[in-house]
1. At 7 Å along the Cα-to-beta-carbon direction for both residue 375 and residue 232, put a label point, then send me their distance in nm to one decimal.
2. To test your reading of the geometry: what angle, between 0 and 90 degrees and rounded to tens, separates the Cα axis of helix 433-445 from the longest principal axis of the chain?
3. Taking the Cβ of residue 123 as the centre, find all other residues whose Cβ is under 12 Å away and add up their charges (Lys, Arg: +1; Asp, Glu: -1).
4. Tell me, Kirkwood radius of segment 356-430 from alpha-carbon pair distances, in Å?
5. Rg and Dmax in Å for the chain, alpha carbons only: what are they?
6. Measure of size requested: the Rg and Dmax of segment 96-227, with Cα atoms as the atom set and Å as the unit; please supply both.
7. Indicate, rounded to the nearest 5 percent, the antiparallel portion of the DSSP beta bridges found entirely in the chain.
8. Give me the angle, in degrees from 0 to 90, between the Cα long axis of helix 132-142 and the longest principal axis of the Cα atoms of the chain, rounded to the nearest 10.
Amino acid sequence: MSTTLAGGRAARRQTMRRIRPRRSPAAVLLFAVAAGAAAVLWLWWRNTPSIADDTGRILGAGRITGLLAGYLMALVVLQMARVPALERRVGSDRVARWHAMSGRYTLCLVLAHIVLIMWGYALQAGRSVTDIVRQTVDSVTQLPDMGKAAIGTALLLVIGLLSVGGVRRRLGYDTWYHVHLLTYAAVFLTFWHQISTGNDFAVEPAAKTFWYGLYGTVTALVLWYRILTPLRLNLRHRMRVEAVVEETPGIVSVLIGGTKLHRMGAEAGQFFRWRFLAPGMRFSSHPYSLSAAPRPGMLRITVKAIGDHSSRLRDLTPGTRVWAEGPYGALTAQRRSRGKVLLVAGGVGITPMRALFETLPGAAGDITLLYRANSTQDLALWDELAKIADERGARLMYAVNSPDGERPDISPESLRRKIPDVDHHDVFLCGPPGFAQSVYEALRGAGVPARRIHHESFEM
């Protein structure tokens, strides 16, 4: 059964109106983060008298690591807030990498802060470095808000350990996702001791006001974009499953109906986090890309069964209510800077590429799609792609394993052979991490500048 959706020309006209090529604000945001860290160090310098002995140096280092940990902790939560300026301009995958990196730095700074401060307190009390544990117990039981901070720190350690690559890969997505939400509780619990015991905030009222403002702003963004915005979106559009269609063995398309779905602001190449209110799926929210441009009454996702959640999609029944958050992702026509475009898809990465193949404006010969799969039977949506290519005068190529299992050659030489002017193209790339990395290297070897290779991973 075909799930081809009508309206390609209208979708292209809508895309043409929306195209305003723009650069990612990532560099500006990273500069702002660095400026904030510099301000935190200046706060420490301003409130630190001359240091005359080792105890003072140790306590000073403890204060620096504590202030930087508190600052980064706010940024870690901000990166979880799903702010559109980050999710749609920088890219969800890049923000996720920032979040993971910030989390690692934060945890290291927290641990360094604990050791240094407790070491300094122990020396002040006439104890030795071996008494750090005893000093820590005394501080937790005697100083204000330190009990809550201890609980919050323990939560951060658990989250950090479960986020380590080897452990993370053994956890189910839903388990990891819900454990990760404990970050909010951890940050809340550790915040109060910063205000009540932090020397810099005690002697500098303006610093305390700034700290409340920083954490208050982040809290407001989380409430707005993670709770109120999704609530408004779903009450307004009232989405339900219309049909589930098997495209190829193990790959299904889910057609989702609703009210004025084209006004959700979604673009080809983007994704939503979907929650299907069916038995066994109500508490699972997973990211899936749109596999066709949004229509006024229809959205479509196409998913490969590679886990419990994706495997259950084939059993959804029409009428099942759908809760969505988004749209997210920066893999859109906004990234385009050249007239010619090469789309490269690996496996189920075809879903955002199919939507872009349909909607990216271009004359005959401007748009090329290269689709990598293990076999011709795995080329999901192939009939649709062929029809789109025929209607648009676009070029459609596939790369599959040979009958004896040999993988096709996707190298700088083969790319230049098939697309002689590949270095004059914008390239949109989506697929499994290993595939994406190898194709990226091949494109760079073929002369495509890094700034014109647009890729996004949704394994978050």
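The values are calculated or read from the model by the stated rules, or taken from the named source; none is laboratory data. All figures in this text were calculated on a predicted structure; none of them were measured in a lab. Cβ atoms come from the backbone with ideal geometry, glycine included; neighbour counts cover every protein chain shown. Please note that ligands, DNA and RNA were not included when accessible areas were found on the heavy atoms of the full protein model with its side chains. Shrake-Rupley method; radii C 1.70, N 1.55, O 1.52, S 1.80 Å.
1. 5.0 nm
2. Once rounded, the angle reads 80 degrees.
3. Within the 12 Å Cβ shell, the charges total -1.
4. Result for segment 356-430 stands at 13.5 Å.
5. 25.7, 82
6. Computed over the Cα atoms of segment 96-227, radius of gyration and Dmax are 16.8, 50 Å.
7. 55 percent
8. Tilt relative to the chain: about 90 degrees.
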